[in-house]
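Note sheet for the following structure.
What follows is calculated from the coordinates using simple rules that are stated; it is not laboratory data. What you see is a predicted model, and the numbers here were worked out from it, not measured in a lab. All Cβ positions, glycine included, derive from the backbone under ideal geometry; neighbour counts span all protein chains shown.
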Amino acid sequence: MPDRELRLRMLAVAMGEEIPAEYDAIIEVELPSPEEAIPAPIDLPPDFEVLVIGAGVSGLCAAVNLKQRGVAFTVLEKSGTVGGIWRDNRYPGAGVDTPNHLYSFSFAPYDWSMYFALRDELKEYLEHIADKFDLRPRIYFNTAVESLAYDATTQRWRVQVRLPSGDLEVRTPNVVISAVGIFNPIKYPNIPGLETFAGPCFHTAEWPDDIDLTDKRVVVIGNGACAMQVGPEIQNQVKALTIFQRSPHWAVPHAHFRTPIPESLRFLLREVPLYRIWYRLRLGWAYGDRVHGALQKDPAWPHPERSLNSVNDAHRAYFTQYVIEELGERADLLEQVLPTYPPFSERLLMDNGWYRMLRNERVNLVSTPITEITPAGVVTDDGERHASDILVIATGFDVLRFLTSFEARGRSGRSLREVWNEDDAKAYLGTVIPDFPNFFCLYGPNLQPGHGGSIMFVVEMQMRYVMDVIRKMGQANAGAVECRAQVHDAYNDAVDDLHANMVWTHPGMQTYYRNSRGRIVVNSPYLNSTYFEMTREAKSVDFVIEPRTRV
């Protein structure tokens with residue numbers, strides 16, 4: 001393998017810019033071919049078992065890691081197959097906004113057909129992982145976890161499970177890994193009369209397979225990521241499309257939208273592993289840590305209302321010019337669609353043809369607040385009635401309330417919902433929580449790489465950490481490991497301090513990243529390379545470690 005200096009120089013040449021020295025930690029671990037990096041088995045007691053909740057992106061990553069290390073495990077999945085959000089979200093235009101060769105696991109390369117895959121190919125990829133690593137025999141489908149409680153006497157979790165038959169069963173694993181993600185449950189708007197609408201009414205995450213939009217008057221409530229994908233997709237199928245927005249959003253050019261990967265490049269990515277790895281490393285920098293500095297507040301910057309610093313202001317100017325060009329003759333819409341807050345304050349969306357769609361005479365963008373919904377349509381604050389045949393709810397998910405699909409009670413008997421005060425979730429490294437021994441939360445609080453990157457890579461970093469904790473449990477013959485409260489609290493204080501100087505605490509907008517108290521609970525303030533170093537190895541001093549009991 002090249003030495004550190006050469007590795008950094010190679011990526012710098014590939015990017016045409018300097019790469020910070022700390023990014024080499026990621027280069028070093030990603031550079032070996034995944035096929036050559038199978039980790040050694042972990043020595044554990046014969047009755048040691050891990051229970052994974054969920055068979056989506058995070059659950060499959062957990063299952064692969066556990067199987068590769070020879071750890072006994074079971075996965076419980078409430079649905080009939082794997083895939084998580086890519087199983088459930090099948091609305092028109094659904095796809096990923098991170099390049100596929102980054103939005104994939106380093107241990108499972110894939111022959112992607114497009115730079116940014118749509119939903120069907122993403123679901124196929126996750127099905128492929130389940131088959132490639134022979135995970136299905138370990139997954140119990142149509143089996144839902146209803147509650148879990150820690151038993152300090154046995155140092156095990158008592159997990160109440162609803163079987164496909166409807167019967168209840170109790171499982172008692174040593175370790176529980178929650179892999180239920182944050183994009184559930186779905187969130188409906190609190191609008192008077194919503195339940196009275198006479199026509200079909202559904203959330204984007206529950207898109208009916210048999211719905212026909214042809215020549216229908218369709219209303220979409222919401223203008224975030226799902227709406228941006230749905231709108232352009234259906235605009236020429238419907239008779240009229242009315243979209244209600246709460247606030248405008250920033251969107252960036254999407255040059256590779258629906259662009260097939262040339263066969264020559266697919267050949268290289270398939271047949272030359274080293275090329276594929278460097279391709280992924282280049283994407284990881286370009287779509288990740290590269291922009292982190294633009295999200296920091298400059299106290300001397302004279303225009304804090306519109307941007308954070310000179311680089312962020314340059315982003316604003318570039319995005320603004322792009323919007324102007326895309327709107328074309330509809331310059332009258334500029335004030336309505338151009339945000340007043342800094343770029344990156346909310347999720348930065350990839351433009352799937354949104355602004356060009358607004359030029360379509362069938363499409364109407366409404367910013368006036370909705371007062372009520374009637375059987376015939378939507379009524380706005382100005383008294384105008386917007387007739388509708390079909391109502392599409394595109395208001396996203398209840399991401400602020402982590403782990404809402406089951407109740408979890410820790411050593412003290414307190415529920416996790418109580419500990420987190422509903423929407424104020426905190427965890428050390430977004431993964432472990434005091435009073436909840438042997439419990440790990442994947443895609444937990446403050447882990448979304450809001451500045452850019454891939455949640456799949458974040459989950460890989462988490463699982464590297466989790467596996468090291470389990471390895472240390474085996475070495476120490478430990479029955480329970482519990483994060484120390486002072487370690488947890490110091491980490492979350494640092495997270496809050498870093499966020500205070502970042503774009504997501506800007507007062508000029510509303511965002512699902514912030515809870516009811518104004519605290520950022522979804523996004524991570526750290527560089528991906530910094531979080532990588534934090535999770536490279538679990539520190540025993542961060543945990544209270546109990547010897548294994550014989551019960």
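Of note:
- Taken residue by residue, segment 165-172 has no member that is under 24 Å from the mean Cα position of the chain (by Cα), surrounded by fewer than 17 Cβ atoms within 10 Å (Cβ to Cβ) and not aromatic (Phe, Trp, Tyr).
- Subset of segment 47-84 that is of a type in the set (A, V, I, L, M, F, W, C) and part of a helix (DSSP H, G or I) - its residue that is nearest to the chain's Cα centre (by Cα): Val57
- Hits in segment 479-514 (condition: among the aliphatic types (A, V, I, L, M), in a helix (DSSP H, G or I) and over 13 Å from Thr431 (Cα atoms)): Ala485, Ala490, Ala494, Val495, Leu498, Ala500, Val503
- Output for segment 280-303, where each listed residue is without any contact (Cβ under 8 Å) to a residue 60 or more places away in the chain and either in a loop (DSSP other than H, G, I, E, B) or under 30 Å from Pro109 (Cβ atoms) (or both): Asp298, Pro299, Ala300, Trp301, Pro302, His303
- Of the residues in segment 357-365, none is surrounded by fewer than 20 Cβ atoms within 10 Å (Cβ to Cβ) and farther than 22 Å from Thr214 by Cα.
- Restricting attention to segment 393-433, the residues that are assigned to a helix (DSSP H, G or I) and of a type outside the set (Val, Ile, Thr) total 3.
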